[in-house]
1. Students often get this wrong, so check it: of B:LYS297/B:LYS465; B:LYS297/B:LYS459; A:LYS105/B:LYS715; B:LYS163/B:LYS551; B:LYS103/B:LYS465; B:LYS351/B:LYS497, which have C-alpha atoms separated by over 27 Å?
2. Using 0.36 nm times the number of residues separating B:SER102 and B:SER644, minus their current alpha carbon distance, what extension gain do you get?
3. What average count of beta carbons from other chains do you get within 10 Å of the Cβ of residues in B:644-657?
4. Rounded if a/c is under 1.5, else prolate if a/b beats b/c, else oblate: with a ≥ b ≥ c from the C-alpha gyration tensor eigenvalues square-rooted, which is region B:252-294?
5. Which order do the peptides B:620-626, B:444-450 come out in when sorted by mean C-beta neighbours inside 10 angstrom, highest first?
6. What is the spin-label model distance, in nm, from B:LYS551 to B:GLU570 if the labels are put 7 Å beyond Cα along the C-beta direction?
7. How about B:LYS155: which aspartates and glutamates have a C-alpha closer than 17 Å to its C-alpha, ignoring those fewer than 8 places off in the same chain?
8. Taking N as the number of residues in region B:74-232, what is its alpha-carbon radius of gyration divided by 2.2 N^0.38 Å?
Amino acid sequence: MESLMMLLIGVLVAVATYLVLSRTFIRVILGTAILSHAVHLLILTMGGLKKGDVPLLNQSNGPYTDALPQALILTAIVISFAVTAFVLVLAYRVYKTNGTDDFDKLGGSSDE
Amino acid sequence: MIIVLAILFPFLIAACIPFIYRSFTKLHLGWFVLAVPVTLFIFLTTYIPQIAKGQTFQHTVEWIPTFNINFTTYLDGLSMIFALLITGVGSLVILYSIFYLSKKESLQHFYCYLLLFMGAMLGVVLSDNLMVLYAFWELTSVSSFLLIAFWHHRKASRAGARKSMTITVTGGIAMLAGFLMLYAMTGTFSVREILDSLGGLQDHALFVPAMCLVLLGAFTKSAQFPFHIWLPDAMEAPTPVSAYLHSATMVKAGIYLVARMTPVFGGHEVWFWAVSLAGLITLFWGSFNAVKQYDLKGLLAYSTVSQLGLIMCLMGLGAAALHLGYSKESVIYTQATFAALFHLINHSTFKGALFMMVGIVDHEVGTRDIRRLGGLMAMMPFTFTIAVIGSASMAGLPPFNGFLSKEMFFTATLRIMELDIFSLETFGLLFPIVAWVASVFTFIYSTILVVRTFLGKVKPERLEKPPHEAPIGMLISPFILVGFVIGIFFFPNVLAKNILQPAMASVYPAFPSAAELTPKISAWHGILAPELWMTIAIIIVGLALYKTLPKWRPIYRIIPENYTLNALYERFIGMSESYSGRITNTYMNGKLSYYFFYIYIGFVTLAAGYFIWSGTFSWTPTTDSPIEYYELILVIVMIFTAVSILFTKGRITSVLLNGVLGYGVALSFVIFRAPDLALTQLVVESVTTALFLITFKFLPELKPERTSGAAKFSKALVSIAVGATITFIGLTAINYDKFLAISRYFEDAYELAGGQNIVNTILGDFRAFDTMLEVVVLFIAGLGVYSLIKLKAKKGDADVEN
């Protein structure tokens, strides 16, 4: 199962990378969103899969699945949500100010 | 301890200057600042008797002991000379500046920089630790930069400041490398300890490279050929600064370093030739070029270059004694070093006076161009007196101190011919000849300085202001210096015994008796002494050449304008700027996707490259948990979804597909025993999708990107490489078992934190602080979102930058 998950993660990362390398805002932001999916799965998988029960003490007597990656991912999900929200609004603001959603046209001024 | 405070004192006062400046607006700021060097000077003079007896004072304040970097101060004879010059000349220069700079100038900056410099310079000469010395060394460069650019509205000031900074800091970095090599050889940064571990050092492979790098630092700072080009340009600084930094103190830091390092490197042939030849060439080139200058300060700048060369050359010659080792005969060669230290002091006195004199002329008449000056003697008799005494001393005439040290210089060059080490039997003759020729030029420019400025006819129509004598305050400082010029001539041995003798002991620590190293200075060596006839010949030839100057002036045009050192330097800087600009512009093209390409390629090369190189990749599918068929379906669906995002045209479709991926991730959380994650993921994914859809209202339709096939291919290639790298790292990491898992600890959650849900206790209890910060991040993001939505361009602001 772990190997299969790693394959999935690799595919997700590759797709995310391809999107991040694009020029339009939406594609790049989608890329970062997919990248965070991939990373969450990666953290979870590296901790080992299905090695024990749900980490709830009143539900089982163990052994439990590694709870630490789960705590990390929980944090990461929330943060990535915050970042996505911020970047989306930033994209909106940049589009409104500059009138383009193409990164290549935002390369700073030529006299810098 | 008190010496540490002495170094820090100027810095402290510099920090207080803004407050002093604002509280006492009536009085010239210089009067307050003057107290600093005067106090320090008096404080240092109290140490003279003990230092003269051969005592030294060392004190250590631990700073970074793990790296052997400690703030160790060391006061010995050599530091004493420099510290006295820094504070003594510093006092006179500040006194002079009070009358030179009007209150309209931004005095708070000027005195702040000046105090910064003073502290840094004291730090250089009083530090025993090489790293601390280096830090102060660079600080002197920085403060010199600030002071040269004091009138920063002038282009020449800025250019001069930049040039001096570039050259001295380049040398400084070379010196740092040299210090690090010394550390590699001896294991200590302390000069004292390096001196103790000298045995066998000469045979070390790093010995000569370290020596050359340290010398590079010294030569750039002390304006030795071919690095001297910054000094004439630095004359754009206000005259008090030129008198202080660029003739009396900072440029002598290089001499100090050479003197300090002589016991370490001095015995080596490379040292002897590098120092003495660099000095000799500089001596000649500086004096030769001084003659052609029309600007009085330019003339003094080249003259300073030349005199620094003289001192440097003497330091080199004196090192021969170290090669020979201690004996009754070798002591005679140490006199070159003695003459160097003696001339160092003499130069500071007469050159300081001359700079102040030129400053007075500039201040009262409005020009420094000798073609416009002349006949000022009648109007400015006191200034004229200063000029005559200073110039005569510079030219090496009695009864002034320059005569004594110049005679000693000749003696040293004549003696070095008798040696038969370092192939001196062949090249030894070079020294007295070049020395004599350079002295002739020195005589000529000293004559120009006096005659063209003060004698001849007045040209009032070519002057900016009607000439008149300077205020008394401006004359005090140069007259004190001139007093030393004469005083030292008549009582040289007082100076020799109290100041120079202990310094000799610092340069030759291995020689048993400092008293033996101190010759008796006398003005008269008998009618047959070759030095006397050399001086007489200088006067005769010099006067003849001065009279015929217009005839031989064309020799200065032999070197075409394009090939002077300055032009070469400018071209080098200009070219390196344009080339580096061009190289940078090729890859920093302002396109985000290119930058991502660099990052990704860098990541793949480093991470995957290391994996392949080290052979750490391992894959053991046998330890995997079994795959259920529904899991397989989920994974296939997710892969399919992910890939299809790449090929969708509409933005709604891609966002919904991303949602599918998100729910897929939530499902996998369920399968992999992470109910909390699954819940959170479901909520977050729904909100994110909604958020995307809302922003779409304000963003344009997704247009297909017009990119070439090759670009698409390279994008695909990089993406696959990145994905593969992650997969391989992940596969290897799963079976990594070198460390024990730490999660067992959290399974005691109920006992430790009173919670049944382990994940919750980690977030809310064990790592509660992290969670709090996470909330802060959320809060900041929320603020950002809010302000970006609400933000409106202010009225009058352009909507688009630039």
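1. Details: B:LYS297/B:LYS465 19 Å; B:LYS297/B:LYS459 20 Å; A:LYS105/B:LYS715 19 Å; B:LYS163/B:LYS551 34 Å; B:LYS103/B:LYS465 20 Å; B:LYS351/B:LYS497 23 Å.
Result: B:LYS163/B:LYS551 exceed 27 Å.
2. Full-extension gain reported as 187.5 nm.
3. Values: counts 1, 8, 6, 0, 0, 0, 0, 4, 0, 0, 4, 4, 0, 2.
Average neighbour count from other chains, rounded to a whole number: 2.
4. oblate
5. Details: B:620-626: 11.6, B:444-450: 23.6.
The most tightly packed comes first, giving B:444-450, B:620-626.
6. Here the modelled spin labels are 3.3 nm apart.
7. Cross-link targets: B:ASP233, B:GLU236, B:GLU570.
8. On the way: Rg = 17.7 Å, N = 159, 2.2 N^0.38 = 15.1 Å.
That ratio works out to 1.17.
Read-outs: derived from the displayed coordinates by stated rules, not from any lab. Predicted model, so just to flag it, every value in this text is computed and none were measured. Glycine also receives a Cβ, built like all others from the backbone with ideal geometry; neighbour counts cover every protein chain displayed.
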